[in-house]
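What follows is a short report on a single structure.
The values are calculated or read from the model by the stated rules, or taken from the named source; none is laboratory data. Remember, it's a predicted structure, so these values are computed and weren't measured experimentally. Neighbour counts run over all protein chains shown; Cβ positions are idealised from the backbone, glycine included.
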C-alpha cells in the first residue's frame, strides 16, 4: 500500500484539503473527490484537451497532473466561470451558445478554459493566434468553424466590456 | 488507464532529491524523477512505466530560472517550456532554441512541461536534443558524487536513455548564445499539428563571402537519438551557398543515415526521404538567415 | 400516422413561423457550457463499485485456465467475474445475421486482442486495474487470421468451429440485366480499392452504471446509450431477464457517430453487480479500451468495381465486388454497413443495372461497428473515383459527366436498381450552385497555372445521395427483421399552459431537443423558452429508437406534430363545448389561439384550454378526460418487405450534396493540403439551419480524418498497432478546412415539414471528394491513390514508384 498524501488545492476560490493516493490525477480529484464534474476526461494521455483546466492561471491538462502536484495551487475549472450568485454566464460561455460553438458539449469546457487563458493574454487574437491556442483541443462534432467564431465573438465582447472579464468570477 | 501505485516525494532542494534517489537506489526501490509530467504521466497511465516511487522536482524553486552568463544562456532544468517561450532573453539570444520550443506540442503541454524534462526524457523525436547537438549545449547534473557538466554528444545514449545515473538529477541546461550572423533553421514533418515529428532537421551555418562555414546539421525522429549528419556537413563545408550544393549535401546526409526507425506512420525509406527534403529546406532557410 | 401532418413549415397553424427553419439557439447549451450536463461518468449511486476489465493480449487463443484467487484476495475488491459466472448467468449476444455473437466475456477461446476475459469490481477503478493484473490466465495460442484474404485462403484456421467457415455471408445481388449492359457498353472502367479501418471516436467513451436487484430479478442501467429501448431489450436477452424488468436510463452522450452503448461492457457491469449482491457497479471505458475493442472500428474493405458507359458518357451499369472484414464477431452491427449501400447504390445517377457481390468474413481483428454514414462513405469513394476515371478516359469534365447522368428533376420519386425510392431531388440545381460558389472555371485556370509551375494541384467535383430516415428493412439482407422504426413523443400541457415534451432518447449533439421545442412552439404559438424537453427512461418512455440513420430530426418532428395534432383535437373539443356547444370543426387553431372560424376574435389559448381541462371538470364535454396530454409515435410511411434481391423502400429521404475541393500534393513528402472546400447541399426543409450547418462542417472534419489521417493498423498476426491517440489521428483545428457553403431546398414530399435526414451528411461525400481531388492532382503523372487514408507515406510511395516523387 502506498502512503496517502495531503493535498490542499484551491478550486474556483474555495480551499479543499484532502488525503489522496499519490497516483490520483487532478482530473479524477476534481471530478470524484470534489464532485466538480464539468472537467471531462477523454483520453487520459494528454492528447485531446478535454480535461483542460487552469492551474495558477495557466491552461494545463488535468489528466497529466497529479492531485498532489496541485498542492498549494489555484485551480480554475468550468464551474468557476459563471456568476455564482446570479447564474449569469461568462462571456465566453455565452459566446459559445450564440455562435453554436458546441454540439455534444463534451469537449466544450476544455475549449472554454483554453480560451480563458488565450483572451487573458491576448485581447484581440488573430485567427492564427486562436488556432495556435486551440490546436491541442480536439472536437469531433463541430469541425471547429463555430468554435473559431465563438472565440472571436467572446474576444470582441470582452474588449467592448473593458477587457476585465477574461477572469473567472470570484468565489 | 490508472497508474500502478507509487509513493511520492516532493523535496524542496535538489540536494535532498539526490539523497532520496540515492537511498532508493541502494534499497533496490525503482524510482523515477517527475518533472513536468507531460511525457511521464501518459506512460504511467498506460502502465508501461511502473516506478514504485516518484520524486517530484516541482517544489525546487531553485531550478526555475533563465540567466545570461556571458555567452551562455543557463536555464534551470525545472523552468517551464512556456517560460522559455515567453522569455525575451531566449528569443533574442537563442532564436533557434526558441523556435524549437514553439514546436513542442501545444500550449498546455508547454505550460507544465519543463526544459530539463525533454533533455532527460530523450525521446528520439524530440527537438531539443537535436538543437543540443548542433549548438553544443551542455547539461549540468548533480549526483551523489557532485556536479558534472556533460556535453550533448555524450548525454544522449540511445532510445529514451541518457548517461544520467540513477541518483543524478539534471539541474541546468547551458546553451551557447547564437552568434551574430549565424543562420539557423529548424523544420519538422508532422502529420498533425503538434504531434511528435516523424522526422526533423536542425541546421546552422555561417556564410563568409557566400561560402558556407561551420555547417552543423542534426536529424531527429529518425534514429534512436538525434544525430549529426556528418556526411552532409562535410559536403557543404567550404562550398558556396547554392541550392545545388544544399541539395547535394542533403542527399549525401540522407544516404549516410543509419537505417531509420520504422513505425505505423513511416517506413525507413520514407524517413530517409524526409531527411533529404528537410535538410535541403533547412539549409536554404539557414543560409537566408545568415548574415 | 404521418400523412396528414403539415408537409411544410408554412402549413403549421401560424401566420408567421417564428422558430422552425430559424437558426435558434439550442436549449441544450446552457447545461453544456456550464459543465452541469450529467454525462454518465458524472453519475454515481451510493456504495458504487468500479469495474475494470481484463482483456486478451492474444488475437486467437484457447483459454486453458483462469485463476482469479489472487485478485479476489486483494483488499478493496468487491467481486470478480469469471468465465464460469458468465456461462452460468448469460447468453451469447444476438446478431445479424444470427449466430455470430458471443458472451460478454470469452468463455472458451479469445478471438481478438482486447476481448474481455474476466472483470473486477473494486472500491476504485485504479484498484480494480491493480486486481486485474493479479488474475492469471493461461492461454494456448492459436494461429490468427490477420486480414480478410487470409480468412478465405485454403487451409485457413476456422475461427468459429460451430460454423465451420470464416464466411459469415456471401451473396450476390443482381439488379437489372447487368451482364448485357456491360457486354454492350462502349467503355468499361474498372478499379480496385482498399478502405482501411477508421471509426467514430467521440470525445466521450462509453460508460454505464448497473445495479442488479436479486430479489426482484430486475436490472437498472444508467449509461451513454444511443438507443435505450433497443438496448434494454438486448440486455434482457443476453442476461436472461424479463424484458420489462430491465430499465435503461439514457444519459446525454459526448458524441456517438455510430452506435454508442457497450453491449459486452454493460453485461459485465451488470453481472458484477449481480455477483456483488446488488451493489451498483460503474464501468467507464477508457480511450485505449475504446480504440482496441469499443464500437470504434469500421469499414475494413477490399473493393473491385466497374462502371459501364456509352460513348457519350452515359453510365449504364455499375458492378461492385466487396470483401468485408467484420472482425471476430458481428455483435457490434458492422454487417449493416454492407447492407446500407442498397439504399443509394447508384448514387445520383440514372444507372439502370447494378450488381453487388458481397463476402463478409470473420478475422481476428476487432469486431467492426457502425460509423457515420454506415457503409456508403467507402462505397461512394469507389463510385465517384470510377466516374472520374471515366471522365478522364472520355476527356469529359468531371462536372459535365455527372450532369449528363443525373436523375432528372421530373423523375422523382425515383426507384434505383437496388430498390430504394428517392423522394425528391434537384441535382442539377445543386451542381450549378456549387460551381458558381467555387467559381469553378477560375479554379481550373488556377490549377493550370500551378501545373505549369510543376505543382500537383487537383480539383474534384463529387456528389452523393445521403440517405436519411432508415428503416429496418434496409438491413434485411444481413438478417435484420422487421419493418417500421418507431419514434414517440408525449406532449403534455400543465395547468398554467407550459408544455413538456417527453421522448425516449437523450442528447448526442445534433440538437433534437431544440427541434422538438421549435416545432411545438410554432404549433401552439408559445415561447420556445417555455417548453421543456426531457428524456424518459425505458420503463416510461413512449416507443422509440433514438438517433441513427439520419432519422431523428424528421422522426421526432413527426412525433411531436402528431402529438400536437391530437392535443389540438382535444383542445378544440373543449373550446367548442365552452363556446356554447359548437361543432368541433367550427374551431380552428391559429397563432396560438383556438378561435371560432366565423368569428376569429373569439378564442382561447392553449393555456386556457389546458387550464380548464385540469381545473374545471364541470365545464368539460361529457366523457372527456382531464388530460391535456397526447402521445404520438411516428414511423416512416409506405415501407415494405424486401424482395429476394433486397429491394424495398427503405431509407425514406434522399438528401444530396455536391462538394468541390481543391488540393495540393507536395511531391517531396506526399502531404495533401486542402486549399479550398465548397459545398452545396440539399436536405429539404432545414429545421434549424444552424444545427444543419454544424452537422455539415462536423462531417467534413470526420471525412478529412478518414481520407487523410485516421487508420487502425494491424500487423499480419492481427495485433493492433494503433492503440492510443498518439497514433490514431483525429484532426485538430489545423487539419480541417472551413468549408464555404450554400444550399438549395427541395422539400421532401413525404416527411413532416418536408425535412430530410441530414445528420450523417457530408461524411458520405467528403472522403470521396478528397480522394478524387488527389487523383485529379496526380492524374497527369499516371499515378492514382486507391487506398485510404491517403497518408503522406502512401501518396509519396505511389509517386516514388512512378518515378514522380520530389
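Quick notes on this structure:
- Test result for residue C:546, at positive phi and buried (at least 23 other Cβ atoms within 10 Å of the Cβ): yes
- Verdict on residue C:696 being crowded, with 24+ Cβ neighbours inside 10 Å, touching a residue at least 40 places away in the same chain (Cβ under 8 Å), within 14 Å of chain A (Cβ to nearest Cβ) and over 29 Å from residue B:278 (Cβ atoms): yes
- Helices (runs of 4 or more DSSP H) (entirely within the stretch C:80-163) containing at least 1 residues that are without any contact (Cβ under 8 Å) to a residue 60 or more places away in the chain: C:83-89, C:125-134
- Residue in the stretch C:303-324 that is part of a loop (DSSP other than H, G, I, E, B), more than 14 Å from chain A (Cβ to nearest Cβ) and buried (at least 24 other Cβ atoms within 10 Å of the Cβ) present: no
- The lone exception for residue B:278 - which of (1) in contact with a strand residue (DSSP E or B) (Cβ under 7 Å, 6 or more places away or on another chain); (2) surrounded by 24 or more Cβ atoms within 10 Å (Cβ to Cβ); (3) more than 14 Å from every other protein chain (Cβ to nearest Cβ) it fails: (3)
- The residues listed here are B:285, B:255; of these, the one that is over 21 Å from the mean Cα position of the chain (by Cα), farther than 22 Å from residue B:158 by Cβ and more than 10 Å from every other protein chain (Cβ to nearest Cβ) is B:255.
- Residue among C:32, C:45 that alone is at pLDDT 95 or above and assigned to a loop (DSSP other than H, G, I, E, B): C:45
- All positions within the stretch B:93-112 that are touching a helix residue (DSSP H, G or I) at 6+ places or on another chain (Cβ under 7 Å) and away from chain A (no Cβ under 14 Å): B:96, B:97, B:98, B:100
- Hey, residue C:773 buried (at least 23 other Cβ atoms within 10 Å of the Cβ) and within 14 Å of another protein chain (Cβ to nearest Cβ) or not: no
- Top-ranked residue in the stretch C:196-247 [being in contact with a helix residue (DSSP H, G or I) (Cβ under 8 Å, 6 or more places away or on another chain) and free of Cβ contacts under 8 Å to residues at least 24 places away in the same chain; ranked as nearest to residue C:381 (Cα to Cα)]: C:233
- If the condition is being facing another protein chain (nearest Cβ under 10 Å) and under 19 Å from the mean Cα position of the chain (by Cα), then the stretch B:191-216 contributes B:193, B:194, B:195, B:196, B:198, B:199.
- Condition met for residue C:646 (part of a loop (DSSP other than H, G, I, E, B), free of Cβ contacts under 8 Å to residues at least 60 places away in the same chain, away from chain A (no Cβ under 14 Å) and surrounded by fewer than 24 Cβ atoms within 10 Å (Cβ to Cβ)): no
- Test set (1) buried (at least 23 other Cβ atoms within 10 Å of the Cβ); (2) within 14 Å of another protein chain (Cβ to nearest Cβ) - residue C:806 fails condition number: (1)
- If you check C:798, C:762, C:777 for being within 30 Å of residue C:689 (Cα to Cα) and part of a helix (DSSP H, G or I), only one passes: C:762.
- Filter result (within 14 Å of chain A (Cβ to nearest Cβ) and out of contact with any helix residue (DSSP H, G or I) (no Cβ under 8 Å at 6 or more places or on another chain)) within the stretch C:275-294: C:286, C:287, C:288, C:289, C:290, C:291, C:292, C:294
- Hey, residue C:491 under 20 Å from residue C:468 (Cα atoms), in contact (Cβ under 8 Å) with a residue 24 or more places away in the chain, over 20 Å from the mean Cα position of the chain (by Cα) and away from chain A (no Cβ under 14 Å) or not: no
- Positions within the stretch A:1-20 being under 19 Å from residue C:130 (Cβ atoms) and touching a helix residue (DSSP H, G or I) at 6+ places or on another chain (Cβ under 7 Å), in sequence order: A:20
- Out of C:714, C:651, one residue alone is more than 10 Å from chain A (Cβ to nearest Cβ) and more than 30 Å from residue C:512 (Cβ to Cβ). It is C:714.
- Selection within the stretch C:701-757: residues that are free of Cβ contacts under 8 Å to residues at least 24 places away in the same chain and over 26 Å from residue C:113 (Cα atoms). The member of this set that is surrounded by the fewest Cβ atoms within 10 Å (Cβ to Cβ) is C:734.
- Residue C:791 out of contact with any strand residue (DSSP E or B) (no Cβ under 7 Å at 6 or more places or on another chain), touching a residue at least 12 places away in the same chain (Cβ under 8 Å), within 14 Å of chain B (Cβ to nearest Cβ) and buried (at least 24 other Cβ atoms within 10 Å of the Cβ): yes
- Considering only residues in the stretch B:49-65 that are within 11 Å of another protein chain (Cβ to nearest Cβ) and assigned to a strand (DSSP E or B), the one that is nearest to the chain's Cα centre (by Cα) turns out to be B:56.
Yes/no per residue for (1) in contact (Cβ under 8 Å) with a residue 24 or more places away in the chain; (2) surrounded by fewer than 21 Cβ atoms within 10 Å (Cβ to Cβ); (3) away from chain A (no Cβ under 13 Å):
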position: B:13; (1), (2), (3): yes, yes, yes
position: B:17; (1), (2), (3): yes, no, yes
position: B:22; (1), (2), (3): yes, yes, yes
position: B:29; (1), (2), (3): yes, yes, no
position: B:47; (1), (2), (3): yes, yes, no
position: B:67; (1), (2), (3): no, yes, yes
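- Those strands (runs of 3 or more DSSP E) of the stretch C:449-513 that lie entirely within it include none in which at least 1 residues are modelled with pLDDT under 95 and surrounded by fewer than 24 Cβ atoms within 10 Å (Cβ to Cβ).
- Scanning the stretch A:4-28 for residues that are under 15 Å from residue B:2 (Cβ atoms) and more than 12 Å from chain C (Cβ to nearest Cβ) yields one hit, A:26.
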